[in-house]
1. If the chain between Asp67 and Asp166 were fully stretched, how many nm would it gain, using 0.36 nm times the residue separation less the Cα-Cα distance?
2. Modelled label-to-label distance, Leu178 and Ala156, 7 Å Cα→beta-carbon offset: nm?
3. Taking square-rooted eigenvalues a ≥ b ≥ c of the alpha carbon gyration tensor, is segment 8-97 rounded, prolate or oblate, where a/c under 1.5 means rounded and, failing that, a/b exceeding b/c means prolate?
4. At Arg86 and Ala47, where each label point lies 7 Å from the Cα along Cα→Cβ, what is the point-to-point distance in nanometres?
5. Using only Cα atoms, what Kirkwood radius does segment 139-179 have, in angstroms?
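Each reported figure results from applying straightforward, stated rules to the coordinates on display, with no laboratory input. Keep in mind that what you see is a predicted model, and the values were worked out from it rather than measured. Cβ sites come from the backbone with ideal geometry, for glycine too, and all protein chains shown count toward neighbours.
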Amino acid sequence: MIVLVGFMGAGKSTVGSLLAGRLGLPFTDSDQVIEQRAGRPVRQIFAEDGEPAFRALEHQVIAEILDGPARVLALGGGAVEHPGTRAVLARGGDPPGSPRDRGDPSPRAPLEIVYLHVSYEQALQRVGGDGDPESRPLLARPDLAALYQRRLGVYAGVATLTVPTDGRRPEAVTEDILARTATLL
C-alpha cells in the first residue's frame, strides 16, 4: 500500500491516480470517501461541524481504508496532524487492537508513506486557479503560510520517502516513486 501525504497542491490526487494505474491497484482519495460517507463536501463539514469533528471522521475513514486491501491512498493535507492518524500510519496501518497488534504474524503488504514535497509558492500557484474559491477553504486562512511551515515537519516525520514535486510533471514524480519503491512493493 502506498499512502501519499503533503500540502494542498502537492499533486497527491494526480500522482496517486497515475501510480495506481501503473501498479494495477485501486486509487482512493480520503476526502472523496469522507464526502461520500457524510453526504456533503469537506468545506461544508468544516463550516457546519468544525475542524475537530472533521478530523475525527477523517481519522476513522483513513484507519478503515488502511485496514483494507492494498491500494494507493491520497490523504487530505491536514490528515497527518491528527495524532490517531499519525499513530495508525506509524503502526503500518494496523489500528490498535487489530489481529496483528495482538501478535498475529499474518503477512501484510508494506506501507510506504510518500511525502510529496511542494514549496509554498508552487502550492499556491497550483491551487489558486481552481476556479471555485470555496473548494479550498484553507486559502482564506490568514495564517496559511504558518500552517504550511508547521505541517512540513509533520509530513517529513511520517514519511518513509520524500519526493520533490516543484517544477516536475506528475509523470516524472510517478516514475521517481516507482523507481525508489521497487524493492518495497
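1. Working: separation 99, 0.36 × 99 = 35.64 nm, distance 3.18 nm.
Length gained, Asp67 through Asp166: 32.5 nm.
2. 2.9
3. oblate
4. Rounded to a tenth, the inter-label distance reads 3.1 nm.
5. Details: mean 1/r = 0.0823 Å⁻¹.
So the Kirkwood estimate lands at 12.2 Å.
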